[in-house]
Structure formats: structure tokens, C-alpha cells
Amino acid sequence: MDGSPMNRNGADAPFYLPEGDECEMFEQAFAHTLPLLLKGPTGCGKTRFVAHMAARLGRRLYTVACHDDLTAADLVGRYLLKGGETVWVDGPLTRAVREGAICYLDEVVEARKDVTVVLHPLTDDRRILPIDRTGEELEAAPGFMLVASYNPGYQNILKTLKPSTRQRFLSIEFDFPAPEREIEVIRAETGLSEDRARMLVRLAAKLRDLKGQDLEEGVSTRLLIYAATLIQSGMAVERAILAAMIEPLTDDEDVKRGLLDLVTAVIG
Ligand SMILES: Nc1ncnc2c1ncn2[C@@H]1O[C@H](COP(=O)(O)OP(=O)(O)OP(=O)(O)O)[C@@H](O)[C@H]1O
Ligand SMILES: [Mg+2]
């Protein structure tokens, strides 16, 4: 259960198609022990990217989905009663710090203030994790890396990271893959034909144009993959698109009708 190198060459790494130099940036951050922040819309490949890079670098990955009930103790650890005895149990962040693993905090803006406070001494050159409850002060093992992500789009203005937190991270902006790459991702994930993958991506471009007008968020790569999965298993194209690319985007009947007209125009 240590974070020692497993598959250094990344032969078993989950499939990830790079969009730019993000893999090199991740490797640089890892090599220089700098924390990394990934910004981008939902379903554009951030989690897949981190899983891919962790495997390539041969590091264990601890992923924490942040939410507003998440406390510092959930990350760091707590005393628990076990068979009449009180024992200390490390949280995922502490395990990563001890083992030299990668800790990925998904949707970090959702986390409460006491959580970000815990991160500060870890994200500057001290690289330490003070554990108040046990009196320990852990120095991060070699190979420890902190990665966080958030979606700058749909949160309200109040829910953004404090400058003192965000200025501790190298940051990369993510977006949906460019059309040719998104086609390749859909095909690799589902085996859908090129023609049909191209049609889904063309439709996605039209739906993404509506962001900020009729739609809060553009359709994600994740949803395109859902649609492709349904079509690939024999479902009628219109039905698959309705369930995977229209209903998840809106509850407004008028908007839905408008989107369906768009579908008809694109798939003919
Ligand atoms: N560049 C890519 N290479 C390979 N797969 C990709 C790529 N981009 C997106 N995907 C696919 O899209 C799916 C959704 O991506 P992922 O779960 O990583 O999104 P996310 O950005 O973490 O979203 P969220 O913010 O909602 O957590 C993945 O399961 C994967 O199939
Ligand atoms: Mg994710």
C-alpha cells in the first residue's frame, strides 16, 4: 500500500488524447513539486487527464470530490472507535502525503474555508501537513502532488477561489476537444463510425453556441460519449440524442423544441 512506482511507462494508463501541452505541463509540475489547478467545464476530460497522468508517472491517485459539507477532518483524518479502542485513521490527503501519491481535489471551490487552510502549508515550499489532532507535522514524501480542479462557469461569483489559494497553483485551462480530436475520442471510447461521430460533434458545436443564451452550459464530451454508446448499441439516433444531449441540458419545453429543430437540421 505504498505509492511506489507501479507502471512507470504508463502502458496501462487510461486513454487520454492530449489537446496541447498539458501532459508536459503536468510532468513539469510533478518534477518541480508544484501544485496544479485545472479549470474547465464539466465533462471535458479533467478527471481522465489526471488518471492518465497518475498512471504514466506511476503514482497512486487519491480523488476527493469536494462539497460544502466536506471538512478538514474528512481530508486529513480523525479518531475513530474500533473495537472499544480509539484509533487515528488517516484521510485521503494524509495518505497521499505519507505515500508520495497524487491527491486530486475535484470541484475544490465547493470546499469550506477550513479545507483550503489545510492546503496552504502543503502548497508552498514547506510542503508540510500539520495534523492538529495528533500533533504531527508531516513532510510530504517525494512524489506527493496536489491537483485540484474547478469549473469557473456555473458557480456564482462568491464561489471562486481566494487569490491566496489560487496563486499557489500552476493553472491550466481546459475546454472541450477540438472537433477532429473530439471525433477521435468518441470513436476510441465507443467504436462509433467516423460519420456518426462527426455528426454528433457537428451537433455539439451548434449546442455549444447556445451557451449563455438558451443554455447554461454547452453539451459535454461526456454526453457525446453517452449518445455514441446508445447509438452504437443499436438505439435510433434521434432517441439517443434526445436522452443524452437534449434532456440533460434543459427542462424548458420551448428551449427543448428549439434544440430538437437543430437536431433535425443537423442529422437531416
Ligand atoms: N482528451 C480526452 N481523451 C480521452 N477521453 C476524453 C478526453 N476528453 C474527454 N474524454 C472523455 O470524456 C469523459 C468525461 O471526462 P471527465 O470525466 O474527465 O470530465 P471532467 O472534466 O472531469 O468533468 P467534471 O468537471 O464533470 O468532473 C471521459 O470519461 C472520457 O471518456
Ligand atoms: Mg471530473
> Of (1) farther than 25 Å from Pro18 by Cα; (2) assigned to a helix (DSSP H, G or I); (3) free of Cβ contacts under 8 Å to residues at least 12 places away in the same chain, Asp251 satisfies all except one. Which?
Replying inline: (2)
> In the set Leu230, Leu215, which member is over 23 Å from the mean Cα position of the chain (by Cα) and either away from ligand 2 (no atom under 16 Å from the Cβ) or surrounded by 15 or more Cβ atoms within 10 Å (Cβ to Cβ) (or both)?
Replying inline: Leu230
>> For Ala243, only one of the following conditions fails: (1) free of Cβ contacts under 8 Å to residues at least 24 places away in the same chain; (2) not in a helix (DSSP H, G or I). What is its number?
In response: (2)
> Restricting attention to the range 96-150, which residues are charged (D, E, K, R) and touching a Gly at 6+ places or on another chain (Cβ under 8 Å)?
Replying inline: Glu99, Arg133
>> Is it the case, given these coordinates, that Gly43 is more than 17 Å from Ser171 (Cβ to Cβ) and in contact (Cβ under 8 Å) with a residue 60 or more places away in the chain?
In response: yes
> Quick one: would you say Tyr62 is in a loop (DSSP other than H, G, I, E, B), of a type in the set (Ser, Thr, Tyr) and at pLDDT 95 or above?
Replying inline: no
>> Given the condition in contact with a Cys (Cβ under 7 Å, 6 or more places away or on another chain), crowded, with 22+ Cβ neighbours inside 10 Å, within 25 Å of Tyr150 (Cβ to Cβ) and modelled with pLDDT of 95 or more, answer yes or no: does some residue in the range 108-116 qualify?
In response: no
> Does His67 fit the bill of being closer than 30 Å to Glu189 by Cα, in contact with a Pro (Cβ under 9 Å, 6 or more places away or on another chain) and within 16 Å of ligand 1 (Cβ to nearest atom)?
Replying inline: no
> Got a number for residues in the range 35-56 being within 18 Å of Leu17 (Cβ to Cβ) and away from ligand 2 (no atom under 11 Å from the Cβ)?
Replying inline: 5
> What are the residues in the range 17-56 that are among the basic types (Lys, Arg) and either assigned to a strand (DSSP E or B) or surrounded by fewer than 20 Cβ atoms within 10 Å (Cβ to Cβ) (or both), if any?
Replying inline: Lys39, Arg48
>> Residue pairs, Cβ under 7 Å, 6 or more apart or interchain, first in the range 64-75 and closer than 12 Å to Cys103 by Cβ, second acidic (Asp, Glu). List them.
In response: Val64/Asp106; Cys66/Asp106; Cys66/Glu107; Cys66/Glu110
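The values are calculated or read from the model by the stated rules, or taken from the named source; none is laboratory data. These figures come from a predicted structure and were not determined experimentally. Every residue, glycine as well, gets a Cβ built from its backbone with ideal geometry; the counts of neighbours run over all protein chains shown.
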